[in-house]
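Peer 1: Supplied in structure tokens, the structure appears directly below.
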Amino acid sequence: MSKSKTSSSSWLPHFNPGDRVEISSDEPGFRGSWFAGTVIRREVKNPNRYVVQYDKLYEDESGEKLLQETVDWVELRPPPPPEKKKVQLKFGDEVEAFHSDGWWEGAITAEHADGKFAVFFRSSKEQIVFEGKELRLRREWVEGKWEPPFEQRQREKEVN
């Protein structure tokens, strides 16, 4: 599963209470997913851990209380900014698909004539068809920057 990564021990993210984030998990059934949430606070005893609250995950089936968890910083990233230009998705693109209240990592395996895309999820070995508006290009949050950079992808599209 992709995580926020660092190759340098000097770079550590800093999120503040109220910051919007996406949260990943290594829990079985959730690998390769990112869920929207908000930072509640940073742990005092371990500043590399944060208490977060999910936007659409609940503590129980009744759906009355939003789930809060303490997570390590590597499980957090800011929400990616929107693309500056409309991205033309194609076969083979690594994407994140909005499904079951989160963004799930997959790859486009087919383009349909109606503008929909089949996406294969390695973690669950499933293939599901999505509309283009339910997909975004997959990016990694590395040392405080999105990889590949948004501008780089735009230049690649303009050259081809």
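Peer 1: Which condition does Gly18 not pass, out of (1) modelled with pLDDT of 95 or more; (2) in a loop (DSSP other than H, G, I, E, B); (3) within 20 Å of Ser123 (Cβ to Cβ), if it passes all the others?
Peer 2: Here Gly18 meets the rest and fails (3).
Peer 1: Answer yes if at least one residue in segment 15-24 is under 30 Å from Asp114 (Cα atoms) and aliphatic (A, V, I, L, M), and no otherwise.
Peer 2: no
Peer 1: If you scan segment 41-72, which residues turn out to be aromatic (Phe, Trp, Tyr) and open to solvent by 80 Å² or more (accessible area, probe 1.4 Å)? Break it down stepwise before answering.
Peer 2: Start the filter on segment 41-72 by keeping residues that are aromatic (Phe, Trp, Tyr), which leaves 50, 54, 58.
Listed by number, the list holds a single entry, Tyr58.
Peer 1: Kindly indicate whether any position in segment 50-68 is at pLDDT 95 or above, out of contact with any Pro (no Cβ under 6 Å at 6 or more places or on another chain) and closer than 19 Å to Val142 by Cα.
Peer 2: yes
Peer 1: For segment 47-68, what are the residues that are more than 15 Å from Arg20 (Cβ to Cβ) and of a type in the set (Ser, Thr, Tyr)?
Peer 2: Scanning segment 47-68 gives Tyr58, Ser62.
Peer 1: Follow-up question, since we're still on this one. Can you tell me which residue in segment 73-100 is farthest from Asn16 (Cα to Cα), limited to those that are open to solvent by less than 40 Å² (accessible area, probe 1.4 Å), among the charged types (D, E, K, R) and part of a strand (DSSP E or B)?
Peer 2: Looking at the filtered set, the residue picked out is Glu96.
Peer 1: When the residues of segment 111-131 are filtered to those that are open to solvent by 30 Å² or more (accessible area, probe 1.4 Å) and among the small types (Gly, Ala, Ser), which remaining residue is nearest to Pro81 (Cα to Cα)?
Peer 2: Among them, the one singled out is Gly115.
Peer 1: Moving on to the next point. Name every residue in segment 21-49 that is in contact with a helix residue (DSSP H, G or I) (Cβ under 8 Å, 6 or more places away or on another chain), assigned to a strand (DSSP E or B) and within 22 Å of Arg139 (Cα to Cα), in order of residue number.
Peer 2: Ile23, Ser24
Peer 1: Scan (1) of a type outside the set (A, V, I, L, M); (2) modelled with pLDDT under 95; (3) open to solvent by 60 Å² or more (accessible area, probe 1.4 Å) for the single condition Trp141 breaks and write down its number.
Peer 2: Here Trp141 clears every test but (3).
Peer 1: Further, regarding this structure: Based on what the data block shows, is Trp103 part of a strand (DSSP E or B) and modelled with pLDDT under 95?
Peer 2: Numbers: part of a strand (DSSP E or B): yes; modelled with pLDDT under 95: no.
No: the conditions fail for Trp103.
Peer 1: Next up: I'd like to verify a number: residues in segment 103-126 that are under 19 Å from the mean Cα position of the chain (by Cα) and of a type in the set (D, E, K, R), how many?
Peer 2: Adding up the residues that qualify gives 4.
The values are calculated or read from the model by the stated rules, or taken from the named source; none is laboratory data. Quick caveat: nothing in here was measured; it's all calculated off a predicted structure. Neighbour counts are summed over all protein chains in view; Cβ atoms, including those assigned to glycine, are modelled from backbone coordinates with ideal geometry. For the accessible areas, the whole protein counts, side chains as well, though only heavy atoms, and no ligand, DNA or RNA atoms are used. Shrake-Rupley method; radii C 1.70, N 1.55, O 1.52, S 1.80 Å.
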